[in-house]
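Down below is the structure, laid out as structure tokens.
The values are calculated or read from the model by the stated rules, or taken from the named source; none is laboratory data. Nothing here was measured: the structure is a model prediction, and the numbers come from that model. Glycine also receives a Cβ, built like all others from the backbone with ideal geometry; neighbour counts cover every protein chain displayed.
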Amino acid sequence: MLLCKRSKLEEGEALIRKAADKGYLQAESDLGQLLCSQQKFEEAETYLRKAADKGDTDAQTRLGQLLYRQNKFEEAEIYLRKAASNGEAITQYKLAVLLEERGKQDEAVVLLHEAARKEYVLAQYSLGVYLEQQGNLEQAIANYEKAAKKNYKLAYVKLASLYETHLELIQRLSQELTIKISQLSNQIKARRGANSKGAGL
């Protein structure tokens with residue numbers, strides 16, 4: 001059974017390789033990513049470059065990561081920027097990590113905000129960490145809570161720590177939220193009342 005599976009995988013790889021060697025974009029991208037999973041990084045880079053230079057976003061992202069691991073940060077940034085220009089949250093997050101390490105924090109934070117708005121959990125958590133470091137505990141908690149709702153365990157740890165050390169802040173935020181909900185409820189009731197009077201005219 002295992003030999004049969006291995007034979008089919010090898011056959012599939014051979015077909016992808018044949019298509020990639022003929023210059024088919026998707027095959028180049030797929031083969032590059034397959035070779036990465038097999039830790040054949042030098043050969044993977046060759047095919048990923050071919051696909052990335054033709055505009056394949058997945059190849060650009062994977063190549064950027066591969067170059068990053070090789071400490072080729074400048075070139076990694078080029079490919080991750082190309083991939084992130086399509087607006088995918090996961091690539092924006094990966095580019096943000098690279099930019100932060102290269103000292104480009106302002107741009108990294110902008111990308112974290114964008115990726116977090118698109119509900120990417122790692123961006124929400126990382127943005128929470130940044131905001132906590134900046135002393136913006138209210139927004140930090142908001143991002144940690146979003147990440148926690150997606151069952152990101154580190155977010156639970158951060159929230160527990162903040163709840164313990166900043167109990168007064170949590171209580172104030174809870175009170176403010178209750179007031180906002182009450183005000184919103186009153187506004188809705190007032191609008192419904194106005195609409196009912198208008199309908200009776």
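Scanning region 138-167 for residues that are crowded, with 19+ Cβ neighbours inside 10 Å and either farther than 18 Å from Y120 by Cβ or in contact (Cβ under 8 Å) with a residue 24 or more places away in the chain (or both) yields a count of 6.
Of the helices (runs of 4 or more DSSP H) that lie entirely inside region 30-109, those containing 1 or more residues that are within 17 Å of the chain's Cα centre (by Cα) span 57-69, 73-84, 89-101. Pairs are defined by a Cβ separation below 8 Å, a sequence spacing of at least 6 or placement on different chains, a first member in region 93-121 that is closer than 16 Å to E77 by Cβ, and a second member that is in a loop (DSSP other than H, G, I, E, B); the pairs so defined are Y93/Y120. Considering each residue of region 48-63 in turn, at least one proves to be in contact with an Asp or Glu (Cβ under 6 Å, 6 or more places away or on another chain) and either more than 25 Å from E114 (Cβ to Cβ) or in contact (Cβ under 8 Å) with a residue 24 or more places away in the chain (or both). Of the residues screened, L122 is not one that is in a helix (DSSP H, G or I) and buried (at least 23 other Cβ atoms within 10 Å of the Cβ). Within this structure, Y47 fails the test of being buried (at least 17 other Cβ atoms within 10 Å of the Cβ) and modelled with pLDDT of 95 or more.
Every listed requirement among (1) closer than 24 Å to Y120 by Cα; (2) part of a helix (DSSP H, G or I) is met by I16 save one, (1). There is no residue in region 127-146 that is under 13 Å from the mean Cα position of the chain (by Cα), at pLDDT 95 or above and within 30 Å of S29 (Cα to Cα). Scanning region 54-73 for residues that are in contact with a Leu (Cβ under 9 Å, 6 or more places away or on another chain), surrounded by fewer than 17 Cβ atoms within 10 Å (Cβ to Cβ) and within 21 Å of V109 (Cβ to Cβ) turns up at least one hit. When Y125, Y144 are screened for being closer than 19 Å to I90 by Cβ and either of a type in the set (F, W, Y) or in contact with a Pro (Cβ under 6 Å, 6 or more places away or on another chain) (or both), only Y125 passes. Among the residues of region 125-154, those that are hydroxyl-bearing (S, T, Y) and assigned to a helix (DSSP H, G or I) comprise Y125, S126, Y130, Y144.
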